[in-house]
Amino acid sequence: MATTKRIIQTATVPLLPLRGMVVFPGMLLHFDVGRRKSALALHDCMEVDQTVFLVAQKNLADDDPRIDGLYDTGVVAKVRQIMKVSNDVFRVLVEGIYRAKITEVIKAEPYFIVGVRERPEPTNLTEVHEEALIRQCRAAFSAYADLAGEDLPAEVMMGVATAAKAGYLADYIAANLPMPVEEKAQILHTLPVIRRVELLMSILSR
């Protein structure tokens, strides 16, 4: 029986540099936008299809990062809501859709427009292996929560308990714990699920 080859997604989208945060596929996140470049990128993406490329910047102090000041893997996301907080600040709700990497810079001013290509995770896990990785993730998360004394929200605990895919679970845990940006960016960059789970567990064990 022939298998259908998965189509790798590509897009041309405005880029939004993120300071101090990483967005993962399948996650909803609120954040504030105050930089003029970012506000212009948001405005234009809402005029087209509400799609934007979100990627963390390496230096938090850099107010106008160049392409080489950004991590190489980000997320294509859908802007679900924009609310004006003040004259210069907007609160944005985004939903991560898929991991992607910049393939070309189409325009740099007044904000970045980039071509991106999806970075899909390999789908070679057996059901048994998937379940084993999920158990390992949950056990590591539970041990972290017990030792750190974290009063985690009930919805986070429920999300960990109900996740059905190991890759998504590793992303979900990373997204909801106070980890350094560089470690979250490393997890986002890691495609093989086994390696991603191992990376997460080594971070949690520290």
Take LYS5 and decide whether it is at pLDDT 90 or above and either open to solvent by 50 Å² or more (accessible area, probe 1.4 Å) or farther than 20 Å from TYR168 by Cα (or both). no
Is at least one residue of the range 108-118 at pLDDT 90 or above, touching a strand residue (DSSP E or B) at 6+ places or on another chain (Cβ under 8 Å) and open to solvent by 40 Å² or more (accessible area, probe 1.4 Å)? yes
Please work out which one of (1) open to solvent by 80 Å² or more (accessible area, probe 1.4 Å); (2) in a strand (DSSP E or B); (3) within 30 Å of ILE194 (Cα to Cα); (4) not hydroxyl-bearing (Ser, Thr, Tyr) is the condition ASP68 fails and give its number. (2)
Working carefully through the options ALA139, ALA61, find the one that is closer than 17 Å to ALA170 by Cβ, free of Cβ contacts under 8 Å to residues at least 24 places away in the same chain and among the small types (Gly, Ala, Ser). ALA139
Among what's in the range 171-185 and is in a helix (DSSP H, G or I) and out of contact with any Phe, Trp or Tyr (no Cβ under 9 Å at 6 or more places or on another chain), pick the residue that is farthest from GLU127 (Cα to Cα). GLU183
Does GLY20 count as open to solvent by less than 50 Å² (accessible area, probe 1.4 Å), in contact (Cβ under 8 Å) with a residue 12 or more places away in the chain and in a loop (DSSP other than H, G, I, E, B)? yes
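The values are calculated or read from the model by the stated rules, or taken from the named source; none is laboratory data. As the structure is a computational prediction, the values presented were derived from the model and not from experiment. When we count neighbours, we look across all protein chains shown, and the Cβ atoms used for this are built from the backbone with ideal geometry, even at glycine. When the accessible area is computed, the model is the full protein with side chains, heavy atoms only, and any ligands, DNA or RNA have been set aside. Shrake-Rupley method; radii C 1.70, N 1.55, O 1.52, S 1.80 Å.
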